[in-house]
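Input: a single structure, listed below in structure tokens.
FYI, it's all coordinate maths here, none of it is from the lab. Only a predicted model underlies this, so the values are computations on that prediction, with no experimental measurement involved. Note: ideal-geometry Cβ built from the backbone for every residue, glycine included; neighbour counts use all protein chains shown.
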Amino acid sequence: MRRYRSVFFATRGQERFFGLPSRIAVAWPHFFFTRQPRTLFTMGDFVQDRHKPPSPLDRPRELIVACPPMRSNVNLSRIVRAAGCCGVRRMICCGNAKVIGKIARDIDETLHIEIHRTLPPILKKLRGEGFSLVGLEQTTGATSIFEFAFQRRAVLVIGNERTGVDAEILEFLDHVVEIPVYGRPHAHNAATATVMALYEYCRQYPRG
């Protein structure tokens, strides 16, 4: 089977915009089938298939996301949405947390959100239940997320957008991971960093 090089065709009046000679734009059938055979590059190899059903998990996720009082409900809502997409079933928020439904949609039945006054009491309780407490922060002694191996049963502790993970919270943590920054500003947005950490956890435990 002979295959021909694919070209972009324009109608009369468009040839000037696309920089094509009029004889090609108008008489394209003759141009297409009389040229030397070439490899045909098609443009229809990928078709949108959005809103697929969730990928199946062999077991429920045992990751919990814990947030301090956040300055922005937009950031909080982005974290909630990412947690839902990653199959996280439980999230802990503090203060006057408000989730924006237009951002974090369709998570009502899959993600349970708890509101606490502060993090230390609940973190202490979770540690007693066997969870590893992992902070996402830039600190001395922190491990690059590229080198960190998450325990399956873990709590990912997020920092406030302005103050990060407070010193009081740092004392509770078993590990601290940080995401390398290669330019300016010197730190990722709190929601962006959380999404990266969630993805890394899912990469390590793709089936739950």
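Observations on the model:
- Region 125-185 and region 38-113 have Cα centres lying 20 Å from one another.
- Three-way shape call for region 126-208 based on the alpha-carbon gyration tensor, with the a/c threshold at 1.5: oblate
- Using a Förster distance of 35 Å, the FRET efficiency for Thr139-Phe46 (Cβ separation, nearest 0.05): 0.25
- Amide hydrogen neighbours beyond the local backbone of Asp166, cut-off 5 Å, H modeled: Asn160
- Whichever lysines have a C-alpha closer than 25 Å to that of Lys124, once near sequence neighbours (fewer than 8 apart) are set aside: Lys98
- Backbone geometry of region 176-187 corresponds, through the Karplus equation with coefficients 6.51, -1.76 and 1.60 at θ = phi - 60°, to 3J(HN,Hα) couplings of 10, 10, 10, 9, x, 10, 10, x, 9, x, 7, 8 Hz, x marking Gly and Pro.
- Taking 27 Å as the straight-line reach from the Cα of Lys52, the lysines in range (excluding those fewer than 8 positions away in the same chain) are Lys102.
- Backbone N within region 113-144 under 16 Å of label point (7 Å from Arg203 Cα along the Cβ vector): 143-144
- FRET efficiency for Lys124 and Lys102, using Cβ-Cβ distance with R0 set to 30 Å, rounded to 0.05: 0.30
- Summarising the amide proton neighbourhood of Leu119: residues at separation of 5 or more, or on other chains, whose placed amide H is nearer than 5 Å comprise an empty set.
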